[in-house]
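The values are calculated or read from the model by the stated rules, or taken from the named source; none is laboratory data. No experiment lies behind these values; they were computed from the predicted model shown. For neighbour counting, all protein chains shown are included, and Cβ atoms are generated from backbone atoms with ideal geometry for every residue, glycine included.
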Ligand code: ADE
């Protein structure tokens with residue numbers, strides 16, 4: 001891993017000529033992001049982030065661009081790097097760097113040294129706030145840029161995997177500043193992780209392969225919010241779904257939701273398509289590869305490319321060829337063919353466009369409001385991992401409902417009183 005910044009401070013993107021196409025994509029996404037739009041308009045008037053230096057490490061998509069514009073309009077001095085080597089939308093990166101004047105360091109398909117160089121470039125303006133998706137930026141600051149760490153006052157983290165890493169860093173007593181776990185907001189994980197990952201994962205698989213899901217057996221590894229989404233959407237498209245889990249409670253939930261549950265080595269015999277969404281390492285390993293049917297398709301939708309043991313699969317492989325973009329066939333010694341999508345990186349962002357804008361609207365509204373909250377309150381917070389303030393979560397839900405034209409009931413005074421009292425029981 002190298003972090004020597006060797007890139008232009010104005011940004012490093014694949015092709016600056018793509019900027020106009022990127023602007024059109026960003027504007028298209030904005031139509032489905034009414035909550036973030038309202039926040040952006042308020043930020044433009046009130047400038048709550050005036051002069052705050054922000055380093056963001058997020059998937060560089062049209063939705064992320066809208067978040068960057070909200071922060072910029074709030075007065076922040078923002079820089080952005082990709083949070084995954086394969087998730088960048090090159091048009092959007094060009095639009096950010098050229099049209100919106102936000103230094104952006106992201107090229108789809110960049111190699112790992114470039115990925116880390118880009119990460120390093122985002123902190124060259126000595127950020128006061130960090131926005132992370134997977135905690136690579138926080139790891140960089142804590143490992144290699146201790147000189148900058150004292151100047152960082154707070155941060156946010158977007159995803160489950162990042163929150164797990166941050167809690168591990170905090171448990172070792174090494175986390176140097178307060179970070180709000182945006183993932184833990186109800187208006188984030190209940191919608192983004194479930195419906196976003198559910199839809200975009202199947203979108204990635206079908207765009208890459210064009211295979212029919214109806215009638216296939218699809219194995220979902222992990223039944224957290226993401227796994228629930230993938231399983232329910234796959235069933236909706238006619239697949240027979242098997243779930244693998246390690247947590248008894250989640251396994252029980254999957255059973256009662258109507259799915260078959262079994263260990264991965266058993267599921268491996270049945271599956272046509274496998275999707276990992278556990279956040280852990282080597283979830284599909286040699287014992288599973290050994291018994292898979294020829295033609296099995298493997299995809300990962302967890303944050304890192306660690307869930308399918310590709311090194312072991314490569315060790316079993318005699319020939320490998322790319323059949324279509326993001327579709328690689330591994331021919332094993334015994335003649336079986338195993339197909340891996342998007343190099344085992346997150347298939348929804350590698351082979352498709354990530355979650356739709358409408359769901360990112362809530363995730364990024366939380367991000368924007370948490371950045372505002374941290375700008376105001378950071379001095380009151382010790383280093384640690386914090387939940388999103390309930391008021392922010394509720395504000396995002398309220399604004400989203402309003403944007404959908406949905407009205408709901410409110411408690412009467414009598415009902416409020418009843419909920420606060422113990423006197424009234426059986427009539
Ligand atoms: N994570 C999942 N989908 C995303 C998207 N569309 N933009 C940014 N981050 C994402």
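Scanning the stretch 226-267 for residues that are assigned to a helix (DSSP H, G or I) and within 15 Å of residue 300 (Cα to Cα) yields 226, 227, 228, 229, 230, 231, 234, 264. Within the stretch 78-95, the set of residues being under 17 Å from residue 25 (Cα atoms) and within 13 Å of the ligand (Cβ to nearest atom) comprises 87, 88, 89, 92, 93.
Whether any residue in the stretch 97-112 is surrounded by fewer than 16 Cβ atoms within 10 Å (Cβ to Cβ), in a helix (DSSP H, G or I) and away from the ligand (no atom under 16 Å from the Cβ) is what I want to check. Yes, the stretch 97-112 has at least one match.
Which ones in the stretch 161-189 are over 30 Å from residue 150 (Cβ atoms) and within 13 Å of the chain's Cα centre (by Cα)? 189, the sole residue that qualifies. With respect to (1) free of Cβ contacts under 8 Å to residues at least 40 places away in the same chain; (2) on the phi > 0 side of the Ramachandran plot, the lone exception for residue 266 is condition (2). Filtering the stretch 344-381 to residues that are under 16 Å from residue 190 (Cα atoms), surrounded by fewer than 24 Cβ atoms within 10 Å (Cβ to Cβ) and more than 8 Å from the ligand (Cβ to nearest atom) leaves only 358.
The residues of the stretch 146-167 that are crowded, with 19+ Cβ neighbours inside 10 Å, modelled with pLDDT of 95 or more and assigned to a loop (DSSP other than H, G, I, E, B), listed by number, are 152, 158.
Looking at residue 90 and the list (1) under 23 Å from residue 156 (Cα atoms); (2) under 23 Å from the mean Cα position of the chain (by Cα), which single condition is not satisfied? For residue 90, the exception is condition (1).
Only one of the numbered conditions (1) within 19 Å of residue 276 (Cα to Cα); (2) within 13 Å of the ligand (Cβ to nearest atom); (3) at pLDDT 95 or above; (4) crowded, with 24+ Cβ neighbours inside 10 Å is not met by residue 188, and that is (1).
Here is the figure for the stretch 268-279: residues that are in a helix (DSSP H, G or I) and surrounded by fewer than 22 Cβ atoms within 10 Å (Cβ to Cβ) total 2.
Report whether or not residue 170 is away from the ligand (no atom under 12 Å from the Cβ), more than 26 Å from residue 112 (Cα to Cα) and not in a helix (DSSP H, G or I). So residue 170 fails the test.
Residues of the stretch 45-66 that are more than 14 Å from the ligand (Cβ to nearest atom) and free of Cβ contacts under 8 Å to residues at least 60 places away in the same chain: 45, 46, 47, 50, 51.
The residue of the stretch 132-145 that is farthest from the ligand (Cβ to nearest atom), among those that are surrounded by 21 or more Cβ atoms within 10 Å (Cβ to Cβ) and over 21 Å from residue 192 (Cα atoms), is 141. Do you know which of the residues in the stretch 196-211 that are surrounded by fewer than 24 Cβ atoms within 10 Å (Cβ to Cβ) and in contact (Cβ under 8 Å) with a residue 24 or more places away in the chain is farthest from the ligand (Cβ to nearest atom)? Looking at the filtered set, the residue picked out is 211.
Restricting to the stretch 212-250, give me the number of residues that are on the phi > 0 side of the Ramachandran plot and either buried (at least 24 other Cβ atoms within 10 Å of the Cβ) or at pLDDT below 95 (or both). So the answer is 1.
Do we have residue 288 as modelled with pLDDT of 95 or more, out of contact with any strand residue (DSSP E or B) (no Cβ under 6 Å at 6 or more places or on another chain), crowded, with 21+ Cβ neighbours inside 10 Å and in a helix (DSSP H, G or I) here? Before you say what the answer is, go through the steps one by one.
Working: modelled with pLDDT of 95 or more: yes; out of contact with any strand residue (DSSP E or B) (no Cβ under 6 Å at 6 or more places or on another chain): yes; crowded, with 21+ Cβ neighbours inside 10 Å: yes; in a helix (DSSP H, G or I): yes.
Considered against the rule, which asks whether it is modelled with pLDDT of 95 or more, out of contact with any strand residue (DSSP E or B) (no Cβ under 6 Å at 6 or more places or on another chain), crowded, with 21+ Cβ neighbours inside 10 Å and in a helix (DSSP H, G or I), residue 288 comes out as yes.
For residue 426, the conditions (1) touching a strand residue (DSSP E or B) at 6+ places or on another chain (Cβ under 9 Å); (2) surrounded by fewer than 20 Cβ atoms within 10 Å (Cβ to Cβ); (3) part of a loop (DSSP other than H, G, I, E, B) are fulfilled apart from (1). Just to be sure before I move on: is residue 215 farther than 27 Å from residue 389 by Cα, assigned to a helix (DSSP H, G or I) and either in contact with a strand residue (DSSP E or B) (Cβ under 9 Å, 6 or more places away or on another chain) or without any contact (Cβ under 8 Å) to a residue 24 or more places away in the chain (or both) in the structure I sent? No; evaluated as a whole, the condition is false for this residue.
Please indicate, with yes or no, whether at least one residue in the stretch 294-311 is out of contact with any helix residue (DSSP H, G or I) (no Cβ under 6 Å at 6 or more places or on another chain), under 28 Å from residue 162 (Cβ atoms) and free of Cβ contacts under 8 Å to residues at least 24 places away in the same chain.
Yes, the stretch 294-311 has at least one match.
Considering the stretch 67-77, and only residues there that are surrounded by fewer than 24 Cβ atoms within 10 Å (Cβ to Cβ) and not in a loop (DSSP other than H, G, I, E, B), the residue that is farthest from the ligand (Cβ to nearest atom) turns out to be 77.
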